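Everything on this sheet refers to the single structure shown next.
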Amino acid sequence: MKKSIQTMILIVLIAHLSACASSKKTQSDHYREMQQGTIYKTYQKVSIKAMRPVVKEYDKKLAAENKAQIGETHVHALLGLIWIASAQPRFALAESDYALSQARDPRDRYAALALQSLAMHEQGWYHLASLKSTEASALIQTQGFSNRYKNVLVLVHVSGAALAVLDNNIPHTISAVREAGVILNEDWLVQMGDATEDAYNGTQAKAIEKLEKLNNDANLTDKERQGANKVLEIAKQGGNDVTNKMAKAVVDLAVDEAITKNGLTASVLKEVPEKYRDKLAKYL
């Protein structure tokens, strides 16, 4: 009898533990909860309303110049990138989710997916981030990114560069940073990509030589010089992960350039509701 009771207790305990294990929330569960939460819904609703005047005004300007209109996708993807740079993944997800829902062009879809993946990674949802990264990578394999509005292309390339760092795809990071540098007409950013490639190829001394030369370039602004010096210090420190550290630092600079040099940024930040402005102190 005693043995039977012990057996029953053991069965109940195992069943209870199994139920607990099976009820453990997945990353997808947490993602859905965020999407259904008040903060996410409220912010997204407010953002959509706040950005509509920006979209309307900018598209009106482009139409007058006989240029392709950008629509909501680019504006919200840009704001999503700003939130990522400001370490606010929840708001970045709200923006990238909406940008993706509005994306019709493969390039816009790629940018939105890349930003989604970055935000999920920042949120700690690495499995979901990997799925979105795979989806974005599939697009880049089949679609070219030429013949589009300059700011859209920059957004695509810097988002792709940041995503490639997380995927440890340094060659694509280097390529995307260079592309962004060319579009922005920022040769120093292209040279950053070149130096990172040298480090990736094992020619560390060559990378340091290029960065030291760049650091002494009189044409650099103080901000650009600070960025170049940071990458130079990483290169001099060396180590097994020096290339990854350099790539990440260079991508951070590229993202900052893409945001500050984007003709839409000032208009977008101006319309961000007061409730959220203090979280964007880096760019305001």
Q. For the stretch 171-284, which helices (runs of 4 or more DSSP H) that fit wholly inside it have 1 or more residues that are touching a residue at least 60 places away in the same chain (Cβ under 8 Å), in contact with a helix residue (DSSP H, G or I) (Cβ under 9 Å, 6 or more places away or on another chain) and under 30 Å from residue 52 (Cα atoms)?
A. 242-260, 265-271, 274-277
Q: State yes or no: is residue 48 of a type in the set (Val, Ile, Thr), surrounded by fewer than 18 Cβ atoms within 10 Å (Cβ to Cβ), farther than 13 Å from residue 116 by Cα and modelled with pLDDT of 95 or more?
A: yes
**Q.** Single condition residue 241 does not satisfy, out of (1) surrounded by fewer than 16 Cβ atoms within 10 Å (Cβ to Cβ); (2) farther than 26 Å from residue 44 by Cβ; (3) over 23 Å from the mean Cα position of the chain (by Cα)
**A.** (3)
Q.
Going through 90, 52, 107, 32 one at a time, which residue ends up being assigned to a helix (DSSP H, G or I) and not assigned by TED's automatic domain parsing to the domain that holds residue 152?
A. 32
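Among the residues of the stretch 51-71, write down those that are of a type in the set (Asp, Glu) and crowded, with 16+ Cβ neighbours inside 10 Å.
If the condition is that a residue be of a type in the set (Asp, Glu) and crowded, with 16+ Cβ neighbours inside 10 Å, then 59 is the only one that fits.
Kindly establish whether residue 234 is more than 22 Å from residue 154 (Cα to Cα) and either aliphatic (A, V, I, L, M) or in contact with a Phe, Trp or Tyr (Cβ under 7 Å, 6 or more places away or on another chain) (or both).
yes
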Q. Does the stretch 62-74 include one or more residues that are within 23 Å of residue 176 (Cα to Cα) and modelled with pLDDT of 85 or more?
A. yes
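The values are calculated or read from the model by the stated rules, or taken from the named source; none is laboratory data. All values reported here derive from a predicted model rather than from experimental measurement. Methodologically, a virtual Cβ is constructed for each residue, glycine included, from the backbone with ideal geometry; neighbour enumeration extends over all protein chains shown.
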